[in-house]
Amino acid sequence: MDIKLNDDQLEISRQARRFFENETPMEYVRAMFEDEKGFTDEIWGKMAELGWTAMCIPEAYDGLGLELLDLAVVLEEMGRAVVPGPFFSTVMLGGGGLAEAGSDAQKKEFLPRLAAGEIRGTLALHEPDAGGDLDYVRMEAKAEGGGFVLEGTKVFVPDAHVSDFLVVPALAKDGLTLFLVESGASGLAVSPLPTMDGTRKLCVVEFGGVEVGRDAVLAAPGQGNAPLDRALRRAQVGLCAECVGGAQKAMEVATEYAQVRIQFDQPIGAFQAIKHRCAQMYVEVESARSILYWAAWAQDHAEEEAAMAASVAKAYCSEMFTRTAASAIQVLGGTGFSWEHDIHFYLKRAKANEAALGDPVYHRERIAGLLAG
Amino acid sequence: MDYRFSPEEEAFRQEFISWLDDNLPEGWDPSRYQNYPRDDELAAAYRAFQKRLFDAGYAGMHYPKEYGGQGRGLVHEVIVMQTLANQCLELRIPGVITFGMAAPTILYCGNEEQKSTYIPRILDGTHIWCQGFSEPNAGSDVVNVSTRAVRDGDHYIVNGQKVWTSYAHLADYCILLVRTDPDAKKHRGLSYLLLDMKLPGVEIRPIKQITGDADFNEVYMEDVRVPVSMRVGEEGDGWRIAITTLMFERVLGDATMAAAYERNIERMTQMASRVRRGGKPVIENPVFRQQLAQAYVEVMVLKYHGLRNLSHQLQGGIPGPEGSIGKLLWSEPNQRITEAALAMQGPGGQVMRGSPWSIQDGFWQYAFLRAKGNTIEAGTSEIQRNIIGERVLGLPKDSSRAARQ
Ligand SMILES: Cc1cc2nc3c(=O)[nH]c(=O)nc-3n(C[C@H](O)[C@H](O)[C@H](O)COP(=O)(O)OP(=O)(O)OC[C@H]3O[C@@H](n4cnc5c(N)ncnc54)[C@H](O)[C@@H]3O)c2cc1C
């Protein structure tokens, strides 16, 4: 048993904290929140240069071949700084889906460029009637000629507007199939949604008879579930890392304010109503971190508990982040309700993360299924 | 990072599990919530079972060999505790304070004679200990202890009253917090004694509790002569000893509770597939499926947070006030979990044990009531949050408590 970050991971963490403090301060977050594209090429390039886009890509495809936990350390810091942009969708969704489902040739074609930060990708999974349910895929893939025709609508697709390719689950005659659709494909229409969290843009993607060839099939008809599930589990854990980092920051902001804000002649942190709120944040953030590490570790080292761990982590960490951010707003009083204070970005990201990749209701249902059948 | 126990440790677990299969008391039925409804019988079963553990080399895995322990380290102790909590928690209950508080205090702070006299008797089940800290006017504010110990040659003469003393009626000894210097600043005037419960002047009166049982007591002491050799540490050092030693054993408590709750989740899952609502098993109801899953989530949080702390301690980390997290993580979820279990039972949740209509032998009815004590015993939730707020996060004390310093 050895449950702590190793020296390399601690170094990655420190490096990431410094980078985000210097390169993506809150002025950047605010600007990108309002910006249509949502990030700058300059920041994207610097992140790729640091090797972060390559972390979990196998060395055979010019990646660094690191573990999910190593990446989680970076994502925790990204969450802490509510970093805007398509890093998560590229690395965890587009990259993750491709790495889990693609053939050697497909991976050779795309992953080295993704690792180098030259292309971006995402996952077009959710359908209008799915709600928070990840298992509901009805979009049809009709076999035609040598290939398939995709017809239907995907919603809440993160960062599709800046992606070079989409991983698309759809139903062929023989079952769930995963496709790789390049964003130039004709019949594909991407439009952004006015979402609450402007730091991670969500889009509607319409497939108006998009024709794809055989070479666009990542997982053959009927073979899509397993790789999709593996990619989703890893992405869910990645999202938990963001949640823990974001909540940590919200807690620090609240606790620092509780020390300095004086009312009734004493720091408000002396009032137990406030002190206990802060203590509760600490309890939840620290225990969520314990669950996060377990879930990240399990994805690479304990296949038998990986599914359970991802769902436990997603249900707990995402709700924890929302509670912590909301509680921090209460500690901050009127200031916390203002646009000027940064805390609202955390609440908004928390709500987005809660809803993404299976909401807590979905994950608890999965847990119940694993416990009781 | 590695969340697994080593192969050697897992082999030890398997070895212990198979030993346990053959060595649980005759007639032991794991499906019953109480195998020993009478607590004198429970105490006798505890002593006999502890002796068996001791003889087989499973008692005090992390205690030094010279005091009857196994000298094998904390991980092995955790494995034993987890296994016992999972399989036969009831049999451990009379030993909770003995192992959780008395033994570590004596081991870390006692003198040679105290260690060699009492630790072996604890490990082999001869002695049960109780904890005499709380008094009518010293609950959360335990430094307010007013039980007096006045020096008389090589004895202290002890007068006063303790309350809520769990298992005092079964115990041989008591770890007793007393005031030796009424003039010193509150916490400096306290000393820590080991009290033989059979001494003249000790009187025990049971207190019936919310569950109907009488696990705890009032303990009255009138001119009780306690030898000075029974003092742990220096005179005036009682408070420091009381708060510091206990932190080291906290990881064991967290691991134990997580293992016991994992068992309860299995119990709950079985219950939910048998109990019906509208003719259908409760487990098919989406609301109760959510509650079952949430219960499981909270147990996993306790488990993996506990393991992370354990690992920290194994690598030489000193446990500090952040240990209060563990107390909150086992007490508050247990209330939510037992509430959910009763909710699943609908009106059937009203039936206590002893009827053909009882569900799972009334386990959850008892557990629901008992859980209400969890957020009070061993430092209330409010006190734990004060500790975290002030000692971990550095928030100021409220003005009245600050003024007292
Ligand atoms: C099942 C059980 C077993 C026990 N076993 C033992 C035992 O074996 N030995 C022993 O010595 N004691 C034992 N106790 C006693 C236990 O330690 C005390 O009950 C506990 O410390 C609280 O003290 P109190 O009951 O006097 O409540 P009080 O301290 O009077 O508290 C009443 C309420 O006020 C709150 N409160 C008090 N101070 C503060 C504060 N500063 N800030 C915010 N809120 C505050 C408390 O949180 C609580 O909600 C046991 C208790 C229970 C329930």
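Below is a table of values for the structure above.
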item	result
Chain B, relative contact order [Cα under 8 Å, separation at least 6], %	13
J(HN,Hα) series, the range A:148-161, from Karplus relation 6.51 cos²θ - 1.76 cosθ + 1.60, nearest Hz, glycine and proline x	9, 10, 9, 9, x, 10, 10, 10, 6, 8, x, 6, 4, 5
Ranked order, B:Arg188, A:Arg120, A:Arg323, A:Arg30 - accessible area, probe 1.4 Å, largest first	B:Arg188, A:Arg323, A:Arg30, A:Arg120
Reachable aspartates and glutamates, given that their alpha-carbon falls under 19 Å from the alpha-carbon of A:Lys173 and they are not under 8 places away in the same chain	A:Glu127, A:Asp135, A:Glu140, A:Glu144, A:Glu151, A:Glu211, A:Asp215
Span from the the range B:269-297 Cα centroid across to the the range A:69-106 one, whole angstrom	36
Rh by Kirkwood over Cα pairs, then Stokes-Einstein D for the range B:1-139 at 0.890 mPa s and 25 °C, µm²/s	153
Helix B:286-314 axis, angle to chain B major axis (alpha carbon atoms, nearest 10°)	40
Exercise: per-residue mean of other protein chain Cβ atoms within 10 Å, A:60-69	0
Test item: B:375-388 mean partner chain Cβ contacts at 10 Å	2
With every protein chain in place, chain B: carbon and sulfur % of accessible area (1.4 Å)	52
Alpha-carbon spread of the range A:2-142, three principal axes, descending order, Å	49, 38, 33
Helical contribution to [θ] at 222 nm, DSSP H n ≥ 4, -39,500 (n - 2.57), averaged over chain A, rounded to 500	-17000 deg cm²/dmol
Kirkwood-Stokes translational diffusion coefficient of the range A:280-323, alpha-carbon pairs, 37 °C, 0.692 mPa s, µm²/s	314
In the B-A interface, the accessible area buried, summed over both sides, Å² (probe 1.4 Å)	4300
Accessible area (Å², per residue) of the range B:131-234, counting only protein heavy atoms and a probe of 1.4 Å	45
A:Asp342/B:Ala56 FRET efficiency (R0 56 Å; Cβ-Cβ; nearest 0.05)	0.40
Under the Debye formula (equal points on every Cα, no solvent term), log10 I(q)/I(0) of the range B:131-234 at q = 0.12, 0.21, 0.23 Å⁻¹	-0.36, -1.07, -1.25
Mean shadow area of the range A:1-56, taken as a quarter of the surface of its Cα convex hull (nm²)	5.1
Lone cysteines, chain A (no partner Cβ under 4.7 Å)	A:Cys56, A:Cys203, A:Cys278
Mean Cα-pair separation over length for chain A, i.e. relative contact order, pairs under 8 Å, 6 or more apart, %	16
P(r) weight above 19 Å for the range A:122-218, C-alpha pairs, percent	35
Cα-based Rg and Dmax for the range B:241-404, where Dmax is the largest Cα-Cα distance (Å)	18.7, 62
Label-point separation in nm, B:Arg188 to B:Ser399, each point 7 Å along Cα→Cβ	2.7
Minimum 50 Å² accessible area buried by the other protein chains, the range A:1-27 residues, probe 1.4 Å, relative to alone	A:Met1, A:Asp2, A:Ile3
13 Å reach of a label modelled at A:His301, 7 Å along Cα-to-Cβ, counting backbone N of the range B:1-44	B:1-7
Scattering profile of the protein assembly as shown at q = 0.11 Å⁻¹ [log10 I(q)/I(0), Debye over alpha-carbon scatterers]	-1.23
Listed pairs A:Lys275/B:Lys303; A:Lys108/A:Lys154; B:Lys65/B:Lys208; A:Lys154/A:Lys351; B:Lys185/B:Lys208 exceeding 29 Å between Cα atoms	B:Lys65/B:Lys208; B:Lys185/B:Lys208
Over chain B: helical MRE at 222 nm, DSSP H runs n ≥ 4 each giving -39500 (n - 2.57), nearest 500	-15000 deg cm²/dmol
Cα-based helix-to-principal-axis angle, B:7-23 vs chain B, degrees rounded to 10	80
Chain B: mean projected area of Cα convex hull, nm²	21.4
Loop GluC sites (Glu not before Pro), the range A:7-69, which have at most 12 other Cβ atoms in a 10 Å radius of their Cβ (DSSP)	A:Glu36
Zone residues, the range A:308-330, relative to A:Met196, backbone N less than 20 Å from point 7 Å out along Cα-to-Cβ	A:314-330
Span from the the range A:134-168 Cα centroid across to the the range A:1-50 one, whole angstrom	30
Average other protein chain Cβ within 10 Å of Cβ, residues B:291-299	6
Apportionment of accessible area to carbon and sulfur, the range A:210-316, percent (1.4 Å)	48
Heavy-atom SASA rank of B:His312, B:His169 (probe 1.4 Å, accessible area, largest first)	B:His312, B:His169
From the C-alpha gyration tensor of the range A:113-156, square roots of 5λ in Å	23, 20, 7
Debye-sum result for the range A:184-236 in log10 I(q)/I(0), which assumes one identical scatterer on each alpha carbon, at q = 0.14, 0.25, 0.28 Å⁻¹	-0.62, -1.00, -0.98
Rg/Rh ratio calculated on Cα atoms of the range A:225-372 (Kirkwood radius)	1.07
Length gained when the stretch A:Gln266-A:Ser103 is fully extended (0.36 nm per residue, less Cα-Cα span)	52.3 nm
Principal-axis tilt of helix A:303-332 within chain A, Cα atoms, nearest 10 degrees	40
Occluded residues from the range A:236-285, i.e. those whose accessible area drops by 30 Å² or more once the chain is not alone (1.4 Å probe)	A:Thr255, A:Gln259, A:Gln266, A:Ala270, A:Gln272, A:Lys275, A:His276, A:Ala279, A:Gln280, A:Tyr282, A:Val283
Solvent-accessible area per residue for the range A:319-358 (1.4 angstrom probe, square angstrom)	39
Cα centroid separation, the range A:318-373 to the range B:93-140 (Å)	44
All aspartates and glutamates inside 15 Å of A:Lys249 as judged from Cα atoms, apart from same-chain residues fewer than 8 positions distant	A:Glu21, A:Glu76, A:Glu77, A:Glu284, A:Glu286, A:Asp342
Rounded accessible area per residue of the range B:241-404, 1.4 Å, Å²	40
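The values are calculated or read from the model by the stated rules, or taken from the named source; none is laboratory data. Fair warning: this is a prediction, and the values are worked out from it, not measured in the lab. Here Cβ is always computed from backbone atoms with ideal geometry, including for glycine, and neighbour counts include all displayed protein chains. Surface areas here come from the heavy atoms of the whole protein model, side chains and all, with no ligands, DNA or RNA. Shrake-Rupley method; radii C 1.70, N 1.55, O 1.52, S 1.80 Å.
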